[in-house]
Amino acid sequence: MMKGAALLDNFFLYFSENEVILWDVVHHDQWALDKETLINILDKFYSDVQTGETKAADFLQSNGAFIIGDLARKQWGWDVLSWFYHYGTKLSLPPSTEGKEGASEDPRVSWVGQYVDYCKQVPEKAKGKYNYPEVDIPLNSFPTTNQLESVFGTRFSSRKFVPGTTLKRELLEKILFHCVKFRTSPFVEKFYKAHSDKINYFGYFRSSPAGGALQATDIYLIVHSVQGIDPGIYLYNPIDHGLTKVGGPVSHDKIRRLLVGQPYAEGAAVNICFVCKFNRFWSKYRHSRIYRMAYLEAGHLSENIFLYAHSLKQDVFIAGAFYDEEFESLLKLDKDSAMVFFMAIGEGEHACFPVEYLPSDSTKLV
């Protein structure tokens, strides 16, 4: 394809029940096209393919569309299905209203108030969604008899950390060593050694499963207050079990804004950013279905970290809502990488919700 036609990489046409929609995947804009406009765009596009001109892009831009130019879609290792989903579901940072006339004095109160109001709608909408058939075979329940079972039974998401507290370095090192470091598996090593004449094996192991043992998830730490480690952004090396500094300190206020306004990580000693290195998957799997594994793998890894941190008497908050490109810029990620999950760890108040941010007229949290 010539350059002129390639300028439209961020658009696709969706044929709905009674109209044709032009969809800008990156900016989340949509336009319903009449037949004349659709034919006009297609004519310009096919002309651009032959001539290298930009008539189609110019026409769309003159009508309010954003033309990006180089999205590097040719470097995307899967087909266009996962590309559309990846870009189409990103959240973009809107213009800030904080500090402007008419804005809330405390944006945390404003955000929490809106969230509480929204949650009040959920019980009614969820009615009938949890109806199971009558049980045919009742199963036994069991008392808690060991520490692992205790962790399962007491795990919860904390949304209130104690400001000014410091995480012991040893606790962070334990979490990384037991949950994130690449390790060997005596059983697996023995198996593949016995069958080395038939199987050419490559992969790494952690305490959690990963697609193809490729370990596509990297861990970045945003350190706020950890004993013996300067505040800043660090990449964890799971082979050598160490940290490489990649950025300076980040304020809790900035983290709050990048978490779409959620104030729940404020005061945490360390934030963990789960980053998928897509090119590791691309080295083995070529179909878009494996895109699902990026989130499943991060989920497995985050759950292990969550449970282990909880066993160390630390509170944990997790979030999947954040401004993608702003976080990825903060972490200095390349085009083959994407942040897929966020976690905060530290000493907490064991609170499911920061009640001090509830609106004064709020009497019930649903």
Inset, instruction - Mind listing just one residue for me: the one in the range 172-210 that is in contact with a helix residue (DSSP H, G or I) (Cβ under 8 Å, 6 or more places away or on another chain), over 19 Å from Y295 (Cα atoms) and touching a residue at least 60 places away in the same chain (Cβ under 8 Å) and, of those, surrounded by the most Cβ atoms within 10 Å (Cβ to Cβ)? - result: I175
Legend entry - Flag if W78 is among the hydrophobic types (A, V, I, L, M, F, W, C), at pLDDT 85 or above and either open to solvent by 70 Å² or more (accessible area, probe 1.4 Å) or under 21 Å from the mean Cα position of the chain (by Cα) (or both): yes
Legend entry - The lone exception for M1 - which of (1) open to solvent by less than 50 Å² (accessible area, probe 1.4 Å); (2) modelled with pLDDT under 85; (3) not in a helix (DSSP H, G or I) it fails: (1)
Legend entry - Complete set of residues in the range 211-224 that are open to solvent by 10 Å² or more (accessible area, probe 1.4 Å) and either within 18 Å of F177 (Cα to Cα) or at pLDDT below 95 (or both): G211, G212, A213, L214, D218, Y220
Inset, instruction - Report yes if some residue within the range 143-156 is modelled with pLDDT under 95, within 28 Å of the chain's Cα centre (by Cα) and among the hydroxyl-bearing types (S, T, Y); otherwise report no. - result: yes
Inset, instruction - Six or more apart or on different chains, Cβ under 8 Å: which pairs go from a residue in the range 274-298 that's in contact (Cβ under 8 Å) with a residue 60 or more places away in the chain and of a type in the set (D, E, K, R) to one that's part of a helix (DSSP H, G or I) and open to solvent by less than 10 Å² (accessible area, probe 1.4 Å)? Could you list them? - result: none
Legend entry - Residues that are in a helix (DSSP H, G or I) and of a type in the set (D, E, K, R), drawn from the range 21-51: K35, E36, D43, K44, D48
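Each row is one residue, and each column tells you yes or no for (1) of a type in the set (A, V, I, L, M); (2) out of contact with any strand residue (DSSP E or B) (no Cβ under 9 Å at 6 or more places or on another chain); (3) modelled with pLDDT of 95 or more; (4) farther than 25 Å from T165 by Cβ.
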{"position": "G203", "(1), (2), (3), (4)": "no, yes, no, yes"}
{"position": "I229", "(1), (2), (3), (4)": "yes, no, yes, no"}
{"position": "I233", "(1), (2), (3), (4)": "yes, no, yes, no"}
{"position": "L243", "(1), (2), (3), (4)": "yes, no, yes, no"}
{"position": "P249", "(1), (2), (3), (4)": "no, no, yes, no"}
Inset, instruction - With respect to E303, determine if the residue is closer than 18 Å to K160 by Cα and acidic (D, E). - result: no
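The values are calculated or read from the model by the stated rules, or taken from the named source; none is laboratory data. The structure displayed is predicted, hence computed values, not measured ones. Counting neighbours? That spans all protein chains shown, and the Cβs are built from the backbone with ideal geometry, glycine included. To get the accessible areas, we keep the full protein, side chains included, count just its heavy atoms, and leave off ligands, DNA and RNA. Shrake-Rupley method; radii C 1.70, N 1.55, O 1.52, S 1.80 Å.
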